[in-house]
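The values are calculated or read from the model by the stated rules, or taken from the named source; none is laboratory data. In this text the structure is predicted, and so the values were computed from the model without any measurement. For the accessible areas, the whole protein counts, side chains as well, though only heavy atoms, and no ligand, DNA or RNA atoms are used. Shrake-Rupley method; radii C 1.70, N 1.55, O 1.52, S 1.80 Å.
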Amino acid sequence: CVKLFTDGKTRRNYSMCYDAEHYVARWVAYPMHTYYTGGSNDSETFYQDPSFTSSEQITDTYAGSTYNRGHQIAKAQRKVTAEARKQTNYYTNMTPQNSTLNGGKWATMEEKERGSWMCSDTLYVVSGCHFDNYNTTCTNNDDKSCPVPTHYFKVMLRTKDGNTGKRVQDCLASELICAGYWVENSASTPVIKSVAEIEALTGFKFFVNVPNAPKSTKASEFEIVF
């Protein structure tokens, strides 16, 4: 769990499931609220994650490839402090993502996270990558051979009303909305799916501490016309 210190309090920035063998976070989970997105802190500098050794993470770029350093949690989602922004630029938050996807439809979803999907109550997001196989690799600038994900996904959870003042754990299923997106690591269009469908595709279980999460539904509030 990557934390940040603001206003005399320690708050969660994001949590991750890191795969040191393949140099990627399989998923990064983070809350979205105007608390995190207000401000103007910016940084184009990338950093090694102090929680891992140099041998367990990439350094710099994917040399001579068509893959971007795709952030699992976008740096634009964290403007509250310089430290929060810096932590999104840890190499452990990077994956070799198709450049067209990264700068296009994936970026559109990230804009929605800090736009119409967000609410006065917290929006909860999990972004991740998936490997159907490890056949495609690219080389990092420090000569690490990095497997390229075959797919990416996002899953989202929030209150339907958006202004209940309640914890999602305390809500009825009728008070909550869920959905997810699944996309090939190419210039493809993300497809809306239920959280349950993405759980079946990835083998992960999401929002396990929210027993009433309607994970078999695809809430229209999350639909995008790309």
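Results, tabulated for the structure shown:
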{"quantity": "Stretchable slack from Y35 to K205, in nm (0.36 nm times residue separation minus alpha-carbon distance)", "calculated": "58.5 nm"}
{"quantity": "Exposure of T59 as accessible area (Å², to 10), given a probe of 1.4 Å and all protein chains", "calculated": "40 Å²"}
{"quantity": "The chain - percent of accessible surface contributed by carbon and sulfur, probe 1.4 Å", "calculated": "46 percent"}
{"quantity": "Ranked order, D60, D170, D161 - accessible area, probe 1.4 Å, largest first", "calculated": "D161, D170, D60"}
{"quantity": "Surface accessible to a 1.4 Å probe, F5 within the full protein complex, Å²", "calculated": "140 Å²"}
{"quantity": "Other-chain or far-sequence residues with amide H under 5 Å of L123's (modelled H)", "calculated": "M32"}
{"quantity": "Distance violations [Cα-Cα > 29 Å] among K86/K218; K166/K215; K105/K166; K144/K193", "calculated": "K86/K218; K105/K166; K144/K193"}
{"quantity": "Gained length - A82 relative to Q48, 0.36 nm times residue gap less alpha-carbon distance", "calculated": "10.7 nm"}
{"quantity": "Segment 1-132, accessible area per residue, ligands and nucleic acids excluded (1.4 Å, Å²)", "calculated": "41 Å²"}
{"quantity": "5 angstrom amide H check on C138, placed H, neighbours 5+ away", "calculated": "C146, V148"}
{"quantity": "Candidate residues E184, E113, E21: accessible-area rank, largest first, probe 1.4 Å", "calculated": "E21, E184, E113"}
{"quantity": "Rounded to the nearest 10 Å², the accessible area of R114 at probe 1.4 Å", "calculated": "80 Å²"}
